[in-house]
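Derivation of every value follows stated rules applied to the coordinates shown; laboratory data play no part. This is a predicted model, so every value here is computed, not measured.
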Amino acid sequence: MGKHLVELLNEKRIFRWNRKNLLTKSLAILIYQAGLSYRKTRRVLNLMEEFSHESVRKWYTRCKSLFDVRKRWRRAIAVDETKVKLENKQIYIWNAIDVDSRVILAVHVSETRTTLDAIYFLKRVLECCENKPLILVDRGPWYRFALKRLGLECKHQRFGERNAIEQWYGLLKSKLKSFWKRFPYHSSLQSVKSWIVAWCAIYNLEVRNC
């Protein structure tokens with residue numbers, strides 16, 4: 001996985017300058033993804049090469065450029081959203097995952113959870129599909145009209161194939177515990193979006209390399 005990430009970072013020219021070794025950056029990204037904080041990641045790797053915890057944050061968020069999902073036929077997609085804390089308000093993280101490949105197809109961050117948000121997000125999901133797949137959702141009322149409006153067949157589930165998305169949210173919430181269940185102080189909605197897209201990009205790389 002580390003070697004593959006180095007190749008991708010180099011191929012896609014994620015970093016304009018390589019003052020630090022690409023392998024060091026790759027390892028820092030993967031160690032942070034695995035659960036360590038920016039500061040602990042720096043301490044672990046400083047024996048190899050010196051850098052700051054702020055460098056880890058910048059390297060990681062640049063990985064949002066690696067989020068790339070090809071359009072293809074898909075059988076079923078699990079869709080869900082969860083709320084997390086940003087400063088003194090709640091925001092919502094929307095996610096869609098192909099239940100067969102376990103690849104994340106789309107992710108979205110919003111300040112509201114309405115039918116309009118659901119329509120916007122589902123349209124983004126459909127951009128990754130050659131067909132109109134079965135959508136697996138819970139009974140959130142914001143999905144009803146959105147699914148009907150887009151002509152999508154749905155199935156309400158709490159368990160079964162929707163476990164794929166529940167497991168992903170479990171991993172995400174586990175990571176958020178290092179932020180004390182909220183995003184860092186002075187985070188903006190845009191910085192949260194960058195972080196979550198980077199998280200999804202690395203997650204997809206791990207899934208594809210399993």
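Numerical summary
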item	result
Greater than 27 Å apart at Cα, pairs in Lys89/Lys193; Lys20/Lys83; Lys148/Lys175	Lys20/Lys83; Lys148/Lys175
Relative contact order (percent, whole number), the chain, Cα cutoff 8 Å, 6+ residue spacing	24
Under 13 Å from the Cα of Lys85 - aspartates and glutamates, other chains or at least 8 residues apart	Glu111
Among beta bridges that DSSP assigns inside the chain, antiparallel share in %, nearest 5	65
Mean shadow area of region 2-66, taken as a quarter of the surface of its Cα convex hull (nm²)	3.9
Cα-based Rg and Dmax for the chain, where Dmax is the largest Cα-Cα distance (Å)	17.8, 56
Rg(Cα)/(2.2 N^0.38 Å) for region 76-186, N = residue count	1.06
